[in-house]
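J.: Please read through the structure below; I'll follow up with questions.
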Amino acid sequence: MISPDPQAAFRELKFRDPVRARAMVEALGRITGGIGRPRVSLMHVCGSHEQAIAKYGLRTSFPAALRVIMGPGCPVCVTDAREVDEGVALALQGVHIATYGDMLRVPGSAMSLADAQADGAQVHVIYSAGQAVELAERLKEPVVFFATGFETTAVATAAIVLKGLPENLSILSAHKFIPPAMDVVAATPGLAVEGFLAAGHAATITGWGVFEAFVERHRLPVVVAGFEPLDILAGLVRLLELVRDGTPAVANMYPRCVTRAGNLRAQDALWKVFEPSGGRWRGIADVPGGNLALRGPFAGLDARARFAIDVTPLARRAPPVLAGSCLCGSIMTGIASPTDCPLFGGACTPDHPVGACMVSTEGTCRIWHQYGGHPDLGGLA
């Protein structure tokens, strides 16, 4: 029966209801206590989850025995230094570079794209893949789209490729695919993560079924969750229930957006254009199948094939002195926290980042620097 008030159903979607939040927090305490171990470690692999957890002060409500850590869920942070070097080298050769704004200050071996821009290189900030096409059409000169991000932005890149690129536009793909990186993290010695909270927006594309093989391999539960405070709390409650019951399974706690199959049209575009390829994730490891490379029919659009990219001069430069003390790799694999890093909040800040984790708004260090000690609790009040 259709409700006489068409807005009634929408009013029920209260994602910051303090009463429901308190009930879920109490459930977290009961379930964690019932597991009966000094510590239960869960990992989420999404910068947007970390933003919400920090902004709304959710960690202050977690039971002492529950540790919720961020894994490699920041695409900017895991873009490897060599990939940045390729973009910088092209820019210094006089090629126009189009990329998303949070890539500008990510350090390469010795320089960032912002450094190259300061030296006179043509680096353009865009907000969508379509704007790279518009830029190329306007300039009529060689343009390279330095394409970064996980499955969600990779689909946008695939869409412009399938539509047809201007002859002067090439793709430098640094796109990543999350599930293979979860395999690497799950196998990290000494980490002892007992379950994973998966990103709802990526799962909107891939579907939650993509995690079933992971669960089978590692015998660890995965819960897909959204990004509002109640989404995250509900996801953690369900994940703890699966840990407590010893049930390795996938649970979808974001059913308003995510299905088992996902967005089949988006997947079709993604896998027509890209194929999984081995590649290095910054500070973590070489991840088999963790990068997305252009498939053979589109190889002619690959900037790595169209241009002679010599990163040797950059690699030979001495890296910044402080870079050796950066703990980004350990932070992105959950081994360390930002506050464990001797540079955090001192020599390394958002205005003067040493490591990639301090650059992006999805980076753990940037998030902790912004919200740490001063959480915004107003949203739950």
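J.: Going by amide H atoms built from the backbone, whose H comes under 5 Å of the H on L66, apart from near neighbours?
T.: Close amide H contacts, sequence-distant or interchain: V40.
J.: Percent relative contact order of the chain, based on C-alpha pairs within less than 8 angstrom and at least six residues apart?
T.: Answer for the chain is 23 percent.
J.: Assign unit charges at the C-beta atoms only (+1 for Lys and Arg, -1 for Asp and Glu), then state the dipole size of the chain relative to its Cα centre in Debye, rounded to the nearest 20.
T.: 660
J.: Sticking with this structure for a sec: Work out the FRET efficiency for W271 and K163 from their Cβ-Cβ distance, taking R0 = 22 Å, and round it to the nearest 0.05.
T.: 0.85
J.: I need the shape label for segment 196-266. Rule: rounded when a/c is under 1.5, else prolate if a/b > b/c, else oblate, with a, b, c from the alpha carbon gyration tensor.
T.: Oblate.
J.: List the residues, sorted by chain then number, that are 5 or more residues from A249 or on another chain and whose placed amide H is less than 5 Å from its amide H.
T.: V222
J.: Go through segment 150-159 residue by residue and turn each phi into a ³J(HN,Hα) via Karplus (6.51, -1.76, 1.60, θ = phi - 60°); whole Hz please, and just put x for glycine and proline.
T.: Computed from phi, the couplings for segment 150-159 are 8, 4, 5, 6, 4, 4, 5, 5, 4, 5 Hz.
J.: Then there's this: Determine the per residue accessible area of segment 318-369 with all protein chains present and a 1.4 angstrom probe, expressed in square angstrom.
T.: Dividing the accessible area of segment 318-369 by its residue count gives 42 Å².
J.: Follow-up. Report the charge-dipole magnitude of segment 130-288 in Debye, nearest 20, computed about the Cα centre from +1 at each Lys and Arg Cβ and -1 at each Asp and Glu Cβ.
T.: The calculation lands at about 60 debye.
J.: Mind pulling the angle between the C-alpha long axis of helix 264-273 and the longest principal axis of the chain? Nearest 10 degrees, somewhere in 0 to 90.
T.: The angle comes out at about 30 degrees.
J.: If you add up the charges near N252, with Lys and Arg at +1 and Asp and Glu at -1, over every other residue whose beta carbon is less than 13 angstrom from its beta carbon, what do you get?
T.: Taking every other residue near N252 into account, the sum is +1.
J.: Can you find, among Q93, T32, G47, the residue farthest towards the positive end of the dipole of segment 1-144? Put +1 on the C-beta of Lys and Arg, -1 on that of Asp and Glu.
T.: T32
J.: May I ask which residue of P63, T349, V222 lies farthest towards the positive end of the charge dipole of the chain, with charges of +1 (Lys, Arg) and -1 (Asp, Glu) on Cβ and the Cα centre as origin?
T.: The residue sitting farthest along the positive end of the dipole is P63.
J.: Something else now. Have a look at G246, I335, P142 and report the one farthest towards the positive end of the charge dipole of the chain, computed about the Cα centre with Cβ charges (Lys/Arg +1, Asp/Glu -1).
T.: G246
J.: Whenever you get a sec, compute what percent of the accessible area on segment 318-369 sits on carbon and sulfur atoms (1.4 Å probe).
T.: 58
J.: Using a 10 angstrom cutoff on alpha carbons, build the Gaussian network for the chain and name the most mobile of C365, C357, C257.
T.: Among C365, C357, C257, the largest mean-square fluctuation in the Gaussian network model of the chain belongs to C257.
J.: Would segment 84-190 count as rounded, prolate or oblate if I go by the C-alpha gyration tensor, calling it rounded below 1.5 in a/c and otherwise prolate when a/b exceeds b/c, oblate otherwise?
T.: oblate
J.: Once you sort the root eigenvalues of the Cα gyration tensor of segment 174-300 as a ≥ b ≥ c, which label holds: rounded (a/c under 1.5), prolate (a/b larger than b/c) or oblate (the other case)?
T.: In terms of gyration-tensor shape, oblate.
J.: Got a sec to turn the phi values of segment 183-193 into Karplus ³J(HN,Hα) couplings, 6.51 cos²θ - 1.76 cosθ + 1.60 with θ = phi - 60°, whole Hz, x for Gly and Pro?
T.: So the J values, rounded to whole Hz, are 4, 5, 5, 4, 8, 5, x, x, 7, 6, 6.
J.: Tabulate in residue order the Karplus-calculated ³J(HN,Hα) for segment 73-87, using 6.51 cos²θ - 1.76 cosθ + 1.60 with θ = phi - 60°, rounded to whole Hz; enter x for Gly and Pro.
T.: Residue by residue, segment 73-87 yields x, 10, x, 5, 5, 8, 5, 6, 4, 5, 5, 5, 4, 4, x Hz.
J.: Here are some values of Kirkwood radius over Cα pairs in Å: [x] 22.8; [y] 21.8; [z] 23.7. Which one was computed from this structure?
T.: Comparing each candidate, only [y] matches the computed number.
J.: Can you say what percent of the DSSP beta bridges in the chain, counting only those with both residues inside, are antiparallel? Round to 5.
T.: 20
J.: Please report the net charge: other residues with Cβ closer than 15 Å to the Cβ of L169, K and R +1, D and E -1.
T.: 0
J.: Just to confirm a number: summing +1 for Lys and Arg and -1 for Asp and Glu over residues other than P75 whose beta-carbon lies under 12 angstrom from that of P75, what do you get?
T.: Counting the neighbours of P75, the net charge comes to -3.
J.: How far, in nm, would the chain grow between V19 and A192 when pulled straight, counting 0.36 nm per residue and subtracting the alpha carbon separation?
T.: 59.0 nm
J.: Let me cross-check L327: its accessible surface, 1.4 Å probe, with only protein heavy atoms counted, in Å² to the nearest 10?
T.: Here the accessible area works out near 50 Å².
J.: Scan around V354 for amide H atoms under 5 Å from its own, H built in the peptide plane at 1.01 Å from N, and keep only partners 5 or more places away or cross-chain.
T.: T349
The values are calculated or read from the model by the stated rules, or taken from the named source; none is laboratory data. Since we're looking at a predicted model, the values are computed, not measured. Every residue, glycine among them, receives a Cβ derived from its backbone with ideal geometry; neighbour counts consider all protein chains shown. For the accessible areas, the whole protein counts, side chains as well, though only heavy atoms, and no ligand, DNA or RNA atoms are used. Shrake-Rupley method; radii C 1.70, N 1.55, O 1.52, S 1.80 Å.
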